1. Report, in deg cm²/dmol and to the nearest 500, the calculated mean residue ellipticity at 222 nm for the chain, where each DSSP H run with n ≥ 4 adds -39500 (n - 2.57) and the sum is divided by the residue count.
2. Quick one: which of 283-290, 57-64 comes out on top by average Cβ neighbours within 10 Å, and what's the full order, highest first?
3. Work the Kirkwood hydrodynamic radius out for the range 210-300: mean of 1/r over every pair of different alpha-carbon atoms, inverted, in Å.
4. Take each complete run of DSSP H in the chain, measure how far its Cα atoms stretch along the helix's own axis, and keep only those covering 15 Å or more with mean Kyte-Doolittle hydropathy at least 0.5; list them.
5. Nearest 5 is fine: what % of DSSP beta bridges in the chain come out antiparallel, could you say?
6. Using the per-residue mean of other Cβ atoms lying within 10 Å as a proxy for protection, in what order, highest first, do the peptides 195-201, 49-55 fall?
7. Give the percent of DSSP beta bridges with both residues in the range 177-303 that are antiparallel, rounded to the nearest 5.
8. What order do you get for D185, D103 when you list them from fewest to most C-beta neighbours inside 10 Å?
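Rule-based calculations on the coordinates, nothing more; no lab input. Only a predicted model underlies this, so the values are computations on that prediction, with no experimental measurement involved. A quick note on method: Cβ atoms are made from the backbone with ideal geometry, for glycine too, and the neighbour counts reach across all protein chains shown.
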Amino acid sequence: MSAAKKTLGVMALAVVTAVMLGAGVAQADCGACDAGHAAKKSPTIPEVAKAAGQFETLLAAVEAAGLSKTLSGEGPFTVLAPNDAAFAALPEGTVEKLLANPDKLKAVLTHHVVAGRVDSSSVHGVDSVTSLYGQPLAVKVSDEKATVGGATVLAADVEASNGVIHVIDSVLIPKDVVGLAASTDAFSTLVAAVKAAELVEVLQGEGPFTVFAPTNEAFAALPAGTVENLLKEENRAQLQAILTYHVVPGAVKAADVVELKKAATVQGENLAISTCEKEGVHINTAKVLKTDIIASNGVIHVIDSVLLPPSTS
């Protein structure tokens, strides 16, 4: 067992013990339990959080977003729970703005919930988990610490009747399409191109946008020297045309894509869309590798080759 796992286990035990003591739960031997005690329902995720005494802001947010009933349901759920100190560390006025905007608040909170039970013993060898919001959260475990979505896990495996809680030290805010791509190693070339084309601010706008995102391997498959030439300042207009050819206005999810034959891009020319049971979905000649990576201002679909508009190829 790694030092990180031992540390997480000890921290989790300490938190569970504190919760149980704080809630006044008697540590009785099972054989001595009377019928009434045995019939008591184990605490749900919101009840465990309330008993802990360090999640007042989180619980207020859950109530304001109308998620209390959901998180008290059957589940199971894995909740990444920012403590009160994590919310207090947000820029001044952030919490108040979120509480006044239920839709955005719900988006933020569902980004802290993973469907199913994901405890510390099941994340070894796992690179990421996907939140209910629809965005991946990077998982990193070392001998020093464990992080999820960049937040440090302060205590793991706090048990509830309908799932498990991991206490984290910061609030996870869903990323826009640029931030999401930048947080994914497979899109480093795409992100470099977006910066060179001076499109960062545009793609961080309100949107929504649908981005067909080529991987690093897709860019590497272009003829030698192509990427280097496109990144030059004198070729910025051509690079902008190519990148905006990968962007469609609106949030077009996979269920919508398969119903379409073409889609108009921000660049102005159309993308051809084809769907085949054996071959999957293709955008022009690029195969769609992964769909519906949800960003705060749109959606990303991963493709295996770079799309070149007819007017620039």
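1. Helices in the chain give a 222 nm mean residue ellipticity of -9000 deg cm²/dmol.
2. Values: 283-290: 16.9, 57-64: 18.8.
By packing density, highest mean first, the sequence is 57-64, 283-290.
3. Details: mean 1/r = 0.0704 Å⁻¹.
After inverting the pairwise mean of 1/r, the radius is 14.2 Å.
4. Details: long enough: 3-22 (28 Å, 1.55).
Membrane-span-like by this criterion, though nothing is claimed about a membrane: 3-22.
5. Values: 33 of 45 bridges.
Antiparallel bridges: around 75 percent, rounded to the nearest 5.
6. Working: 195-201: 15.4, 49-55: 19.7.
Ranking, from highest mean packing down: 49-55, 195-201.
7. Numbers: 17 of 23 bridges.
Around 75 percent of the beta bridges assigned by DSSP in the range 177-303 are antiparallel ones.
8. Values: D185 10, D103 7.
Least to most surrounded, the residues fall as D103, D185.
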